[in-house]
Amino acid sequence: MVASQNPVNRRSRTKLLGCAIAGLIAINAPVYLLAYHMTHVRLPGEKGIGVPKPQNSTTPEARGLSYTTHRIPINKTEWLEAWLIPTQQATSKGTVLLFPGNHGTKGSQLIPPAQSFSALGYDSLLIDFRGAGGSSGNTVTIGMKEAQDVSITFKYAQQMNSKSPIILYGVSMGSAAILRAIAKEKIKPDGVIVELPFSRLVNAIRSRLQHHRIPGFPTAEWVVFWGGIQHGVNGFAHNPVEYAKAVDCPVLVIHGEQDKWTTEAEIEALFKNLQGSKTLVTSPEAGHHQLIGVDRNLWDSSVKNFFDSL
């Protein structure tokens, strides 16, 4: 005859299990909410978690540039909003597609470089990713699903002028989305300018957490895990340093030595993996800021030399 289990022991184990579950919830709930906050935006009038959806506070007209607004369909209910700025020269040498950084918009980050591209003889198509500006949506995936936006825009530009060379320009998250689009979506641009790219998502999250005095390990891993669960993606595989191995077109990489999010060693590793002709421009003064606003002369000469080499 088997002796019955001691009720006291059973209650103790149940209590320990309950404490363990409560502890896991206590640890993971804040990180889950942090991941949600980092990857969701609040639409106008909405309350809750997430930053307000970034808006375009200015237009190319403020800089004396003519433009037209385009709505690029993603599907029946989603779209990307774009501004097309024609070149200031008599004939166009090609089209540059411009993509902003995390929580950036075409109005906040892309007008100054587009003005330079226009002066150099290129049309510019400025894009709001989903979840920003005039585009639909309320989520951000730090370049993962945004790579689909790059691919959709690329195909749209090809339809506008199938014979025109297409150059891609991205800032930070926009750079990651471009590199992923080339590696995963198999697009073939004629050239790429990536400014302030990160090498690995986990590292990028960790550096930002540490800047805000939040332990980078293992919080970054938890954030990437829960963000992936929320959006159905694998953030641990989101590594532009690996995407670079699939890039065989000419590339200009722009980095700031004072960038607190991405180290020079990470940039050098990404640069080394690029397969085509490539140029690395590093500004001693710049941090995680667009070079055009820090050293305009270096920006202009670097971009002009890049275009001349195509």
Condition first: under 22 Å from Ile182 (Cβ atoms), in the same structural domain as Leu179 (by TED's automatic domain parsing) and either more than 18 Å from the chain's Cα centre (by Cα) or surrounded by 14 or more Cβ atoms within 10 Å (Cβ to Cβ) (or both). Can you find one or more residues in the range 69-76 that meet it?
yes
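Quick grid of which residues meet (1) under 16 Å from the mean Cα position of the chain (by Cα); (2) in a strand (DSSP E or B); (3) under 30 Å from Leu120 (Cα atoms):
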residue	(1), (2), (3)
Ser164	no, no, yes
Gly170	yes, yes, yes
Gly174	yes, no, yes
Ile178	yes, no, yes
Ile182	yes, no, yes
Lys186	no, no, yes
Val194	yes, yes, yes
Val202	yes, no, no
Gly216	no, no, no
Among all residue pairs at least 6 apart or on different chains, which show Cβ distances below 6 Å where the first residue, located in the range 180-195, is more than 19 Å from Ser164 (Cα to Cα) and the second is among the β-branched types (Val, Ile, Thr)?
Ala181/Val150; Ala181/Ile187; Val194/Val253; Glu195/Val171; Glu195/Ile254
Residues located in the range 136-162, provided they are among the polar types (S, T, N, Q) and outside any loop (DSSP other than H, G, I, E, B):
Thr139, Gln148, Ser151, Thr153, Gln158, Gln159
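This table checks each residue for (1) within 24 Å of Thr39 (Cβ to Cβ); (2) modelled with pLDDT under 95; (3) among the charged types (D, E, K, R).
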position	(1), (2), (3)
Thr91	no, yes, no
Gly94	no, no, no
Leu98	yes, no, no
Asp123	no, no, yes
Glu146	yes, no, yes
Pro165	no, no, no
Checked Ala220, Ala269 against criteria (in the same structural domain as Asn161 (by TED's automatic domain parsing) and not in a loop (DSSP other than H, G, I, E, B)); the one match is Ala269
List every residue pair whose Cβ atoms lie under 8 Å apart, where the two residues are 6 or more positions apart in sequence or sit on different chains, the first residue falls within the range 25-37 and is among the polar types (S, T, N, Q), and the second residue, located anywhere, is crowded, with 18+ Cβ neighbours inside 10 Å and at pLDDT 80 or above.
Asn28/Trp222; Asn28/Trp226
What's the total number of residues in the range 208-255 that are at pLDDT below 95 and either farther than 30 Å from Asn28 by Cβ or of a type in the set (Ser, Thr, Tyr) (or both)?
1
Select the strands (runs of 3 or more DSSP E) contained entirely in the range 16-135, then report the ones holding at least 1 residues which are in contact with a strand residue (DSSP E or B) (Cβ under 8 Å, 6 or more places away or on another chain) and under 19 Å from Asp300 (Cα atoms).
79-85, 94-99, 122-127
Criterion: modelled with pLDDT of 95 or more and β-branched (Val, Ile, Thr) - qualifying residue of Ile21, Ile49, Ile85
Ile85
I'd like the full set of residues that are of a type outside the set (Asp, Glu) and either surrounded by fewer than 18 Cβ atoms within 10 Å (Cβ to Cβ) or in contact with a Cys (Cβ under 7 Å, 6 or more places away or on another chain) (or both), limited to the range 245-269.
Lys245, Ala246, Gln258, Lys260, Thr263, Ala265, Ala269
Looking at Gly64 and the list (1) exposed (fewer than 10 other Cβ atoms within 10 Å of the Cβ); (2) at pLDDT 90 or above; (3) outside the structural domain of Met144 (by TED's automatic domain parsing), which single condition is not satisfied?
(3)
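The values are calculated or read from the model by the stated rules, or taken from the named source; none is laboratory data. It should be emphasised that the depicted structure is a prediction, and the values quoted were computed from it without experimental measurement. In this analysis, Cβ positions are derived from the backbone assuming ideal geometry, glycine residues included, and neighbour counts consider all displayed protein chains.
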